[in-house]
Amino acid sequence: MKVSVTTIGLSELDVDLLLLPVRQELTDVERGMLADAVGAPAAQAEADISGAFNRNVLVYPTGKQARRVAVLGLGTPAEIDLERVRRVAANGARIAAEIGAETIAFHVPDTELDAEAVSHAVVEGFMLASYRFDRYKTSEEDPKPEIQRLVLHAAQQDRASRRGADRGRILAESVASARDLVNLSPDEKTATQLGRLIERSAKKYGYTASVWDRELIAEEKMGGLLAVNRGSTEPPTFTVMEWQPENAANDRPIVLIGKGVVFDTGGLSLKPTKDSMDQMKSDMAGAAAVIGAMEAIARLEMPLHVVAFVPATDNRPGENAYVPGDVVRMHSGATVEVLNTDAEGRMLLADALSYAKTYKPKLVIDVATLTGAAVIALGNDVAAVMANDRNGGRERLDAIEEAGRRSGDLVHRLPMFDFYAEQIKSDVADIKNVGGREAGTITAAKFLEHFVDYPWLHIDIAGPSMLGSNRDYRPKGGTGFGVRLLVEYLRELADPRRRQG
Ligand code: BES
Ligand code: ZN
Ligand code: ZN
């Protein structure tokens, strides 16, 4: 989709569909714009236009360039925030798809919010809602032309709208990359293939990537990753990505880690199929989020030194699969008693977390579809976030929750009291890989904390990584959750003064 910004008159926008957002109780300026956009039909249309959120009216202009105008309800001024703007833009995208419009103009509403952030939100919401995954469709039941062009109509020529539109497009495209990876059939994303896809992304967007094979992983003694991989016929990979600009604001790197379980059968502790194993192609959604974030970071040329790891394998009950009772020696040298082979994510994340120590990182953030308990606790709209106590854990939690609210990828903290670690004490090894039913999301985080000696955030995205039904600008399937969150959090780290509306 091509995105541009224009300031020509509303009546001159030569497009299939012009999207015109208005407030509940139209202002005089909005009434004037409506008349300008549709001509004579404005008088009649006004009676149907309430401006309430999710109330949209389609009008056919006379004597104007635009073929159709959809008036989109924004709601009351007090309700208007960036998330509302994204959702209104998503409503516009839905109407565009219904009528098969190929060229769309969107009038950027004048609000109290920062102009760059509003343009960003419009483009992001519109593009994210227009996302389709049709790689495997051989016959279109209902052929729809693709949206070719989105023109932002801004009140005045300003660099802010243009910058916002560019950021919005880059973010939406990076989220789409992550969604594509999650939606991809598992037989097209083995650990080796995922490594290749990362190499291709790195080349395309200008960061570096190096993919380790099984030998290198064994040389590094990543016992957790190797143990999970034992039931597979496919070798594991460990991919290291890096973005190191000359103007980096940090001297010690920020490390991102994404769980890359390309398919999770549960291993010998096999999952049931329905509503469980049938979702598990999304068990690399953490990896997808990190890859999408690296694409955005490089394309936005963010002034931060960022390193990212994706430990990848499938988890299967093959002949040589690891078994409950196995004691595994991890990369850190610690021993883990495996009591459930389905708690595999923490095994490979632990190796990545302990390898991260070699970078003396300023901060490490891991993103993982780690526990079903996180879905039970917070549902499908919010991810769980946990931190260790080192160097201002509370401030990090405040900052990531704020970044969540600004970006639309919501996160909420869970506690990390010391006593939770008692649930993962083992009789035979240093720790065991399951902590029982209670507080399952937290005991998983406590397991990971065992391998960490630097400031750290852990984000469990099991809930929001994949949806069973459409929600606003998130279509069902892979959501790309985490890309916008990570980029927004890192943007704040690079420049704490720059908070957007
Ligand atoms: N990949 C799953 C977690 C998951 C569940 C992700 C639902 C997305 C949706 C993870 O590997 C897993 O199986 N976790 C177990 C841990 C348990 C055995 C301690 C779980 O949550 O049941
Ligand atoms: Zn599992
Ligand atoms: Zn898993």
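Every number in this text was worked out from the coordinates using simple rules, so none of it is lab data. These figures come from a predicted structure and were not determined experimentally. Note that we place each Cβ from the backbone using ideal geometry, even for glycine, and neighbour counts take in every protein chain shown.
Structural remarks
- The modelled label-to-label distance for the pair Val428/Ala249, using points 7 Å beyond Cα in the direction of Cβ, is 5.0 nm.
- Electrostatic dipole magnitude of the chain [Cβ: Lys, Arg +1; Asp, Glu -1; Cα centre; debye, to 20]: 380 debye
- Summed side-chain charge close to Ile8 - residues other than Ile8 whose Cβ falls under 14 Å, Lys, Arg +1, Asp, Glu -1: -2
- Label point distance in nm, Asp495-Asp278, each placed 7 Å from Cα along Cα→Cβ: 4.8 nm
- Most simply put, the chain has about 40% antiparallel DSSP beta bridges, counting only bridges with both residues inside it.
- Beta bridge orientation in the stretch 230-329: antiparallel %, DSSP, nearest 5: 45 percent
- Least to most buried among Thr479, Thr371 (fewest other Cβ within 10 Å first): Thr371, Thr479
- Take every Cα pair under 8 Å whose residues are at least 6 apart in sequence, average their separation, divide by the length of the chain, and the relative contact order is 15 percent.
- Extents of the stretch 89-213, taken as max minus min of Cα coordinates on every principal axis and listed largest first, are 53, 39, 19 Å.
- Centroid-to-centroid separation of the stretch 47-99 and the stretch 276-297 [C-alpha atoms, Å]: 32 Å
- Ordering of 255-262, 435-442 by burial proxy (mean other Cβ atoms within 10 Å per residue, highest first): 255-262, 435-442
- Inter-part distance, the stretch 1-43 to the stretch 137-196, computed on C-alpha centroids, equals 26 Å.
- When only the Cβ of Lys, Arg, Asp and Glu is charged (+1, +1, -1, -1), the dipole of the stretch 233-345 relative to its Cα centre reaches about 80 debye.
- Local electrostatic count at Phe419 - Lys and Arg +1, Asp and Glu -1, tallied over other residues with Cβ under 15 Å: -3
- From least to most packed, judged by other beta carbons within 10 angstrom and beginning with the fewest, Tyr489, Tyr355, Tyr136, Tyr60 follow the order Tyr136, Tyr60, Tyr355, Tyr489.
- Taking 7 Å steps out from each Cα toward its Cβ at Asp381 and Thr138 produces label points 4.0 nm apart.
- Taking Trp456, Trp212 and counting other C-beta atoms within 10 Å, the order from fewest to most: Trp212, Trp456
- Whole-Hz couplings from phi, Karplus 6.51/-1.76/1.60, listed for the stretch 321-330; x for Gly and Pro: 4, 5, 10, x, x, 4, 10, 10, 8, 8
- Of the DSSP H helices in the chain, those that are both long (alpha-carbon extent of 27 Å or more along the helix axis) and hydrophobic (Kyte-Doolittle mean at least -1.0) are 159-183.
- A cut-off under 9 angstrom between Cβ atoms defines the neighbours of Gly73, and their net charge, with Lys, Arg +1 and Asp, Glu -1, is +2.
- Lysine pair number, Cα distance threshold 30 Å (strictly under), the stretch 144-291, separation 8 or more or different chains: 22
- When Rg and the Kirkwood Rh are both derived from Cα coordinates, the Rg/Rh ratio for the chain amounts to 1.02.
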